[in-house]
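Remarks on the structure that follows.
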Amino acid sequence: SVYLDYNPFKPWSIPDSLQNSISLTNFSATSANLVGKIPDFFNATTFPSLVSLHLSFNSLQGSLPAGFAGIPLQSLWLNGQKDSNNARTLNGTIKVLQNMTQLVQVWLHMNGFTGPIPDLSGLSALQHLSLRDNSLTGPVPPSLTKLESLKVVNLTNNALQGPTPKFSSSVIVDMLTNHNSFCLPDPGVECDSRVNTLISILEPFGSPFELANAWKGNDLCS
């Protein structure tokens, strides 16, 4: 295990030599002045036993490595990545999450992630999902609302579309409807079918943020 949290280091990147630590199970460097991209060597071949990766509040940039899909991660913290100008530096889609089936806790809030929330039905152990303060779009997949393991979900401050999702009463939900682009404020109430059709047309194009952010309500012509 490696724990380097809250040290005032000069800017540094995750070193290539970390690849030699094939028995690594926990790597934590929260608020430690990390810069650069998350290396592609974060994959199942290099780290077959890594269960916890905590890199919150640094200046990491770029997208999530595709290799994340094969790592047996249970806890992933990447929230709050920004540069010296407070611009959010971690971006791209979060599609890789759908193949990270052992996740229990995911903190990706306060970043620049775009595109839709993927189908997370395979994450049967997921308890905490924090995606607020990004630029996510598209409808919230019904599979997320049906996850029996889910305890906390944060979706505020995105441009999510479609009907306001209705979660179980046992789930703690942070999802301000006026900070998203849901068609109606009431959870579980379906949109006008024609609005759903137009939203579905945008999905193959990645549900562009500019359209999702501007297009609110249940009026087909607004």
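Filter region 161-211 down to the residues that are over 18 Å from Ser135 (Cβ atoms), open to solvent by 70 Å² or more (accessible area, probe 1.4 Å), among the hydrophobic types (A, V, I, L, M, F, W, C) and out of contact with any strand residue (DSSP E or B) (no Cβ under 8 Å at 6 or more places or on another chain) and list them by number.
Result: Ile201, single match.
Which is open to solvent by 10 Å² or more (accessible area, probe 1.4 Å), more than 23 Å from Asn85 (Cβ to Cβ) and more than 19 Å from the chain's Cα centre (by Cα), of Ser52, Ser17?
Ser17
If the Cβ limit is 9 Å and pairs must be 6+ apart or interchain, which residue in region 86-112 that is under 19 Å from Asn154 (Cβ atoms) pairs with which residue that is of a type in the set (Asp, Glu) and surrounded by fewer than 18 Cβ atoms within 10 Å (Cβ to Cβ)?
Gln98/Asp119
Does region 131-142 contain any residue that is out of contact with any Gly (no Cβ under 6 Å at 6 or more places or on another chain), of a type in the set (D, E, K, R) and loosely packed, with under 15 Cβ neighbours inside 10 Å?
no
For region 55-70, give me each residue that is in contact with a helix residue (DSSP H, G or I) (Cβ under 8 Å, 6 or more places away or on another chain) and open to solvent by less than 30 Å² (accessible area, probe 1.4 Å).
Scanning region 55-70 gives Leu64, Pro65, Phe68.
So which of Asn43, Asn91 ends up being open to solvent by 20 Å² or more (accessible area, probe 1.4 Å), at pLDDT 95 or above and touching a helix residue (DSSP H, G or I) at 6+ places or on another chain (Cβ under 6 Å)?
Asn43
Which one of these does Leu73 not meet: (1) within 30 Å of Pro204 (Cβ to Cβ); (2) open to solvent by 10 Å² or more (accessible area, probe 1.4 Å)?
(2)
Scan region 143-153 for residues that are within 25 Å of Leu202 (Cα to Cα) and surrounded by fewer than 19 Cβ atoms within 10 Å (Cβ to Cβ) and jot them down.
Hits for region 143-153 are Ser143, Thr145, Lys146.
The values are calculated or read from the model by the stated rules, or taken from the named source; none is laboratory data. Owing to the predicted nature of the structure, the values given are computational and were not obtained by experimental measurement. With ideal geometry, Cβ positions are generated from the backbone for all residues, glycine too; neighbour counts draw on all protein chains shown. Quick note on the areas: whole protein, heavy atoms, side chains included, nothing else; ligands and nucleic acids left out. Shrake-Rupley method; radii C 1.70, N 1.55, O 1.52, S 1.80 Å.
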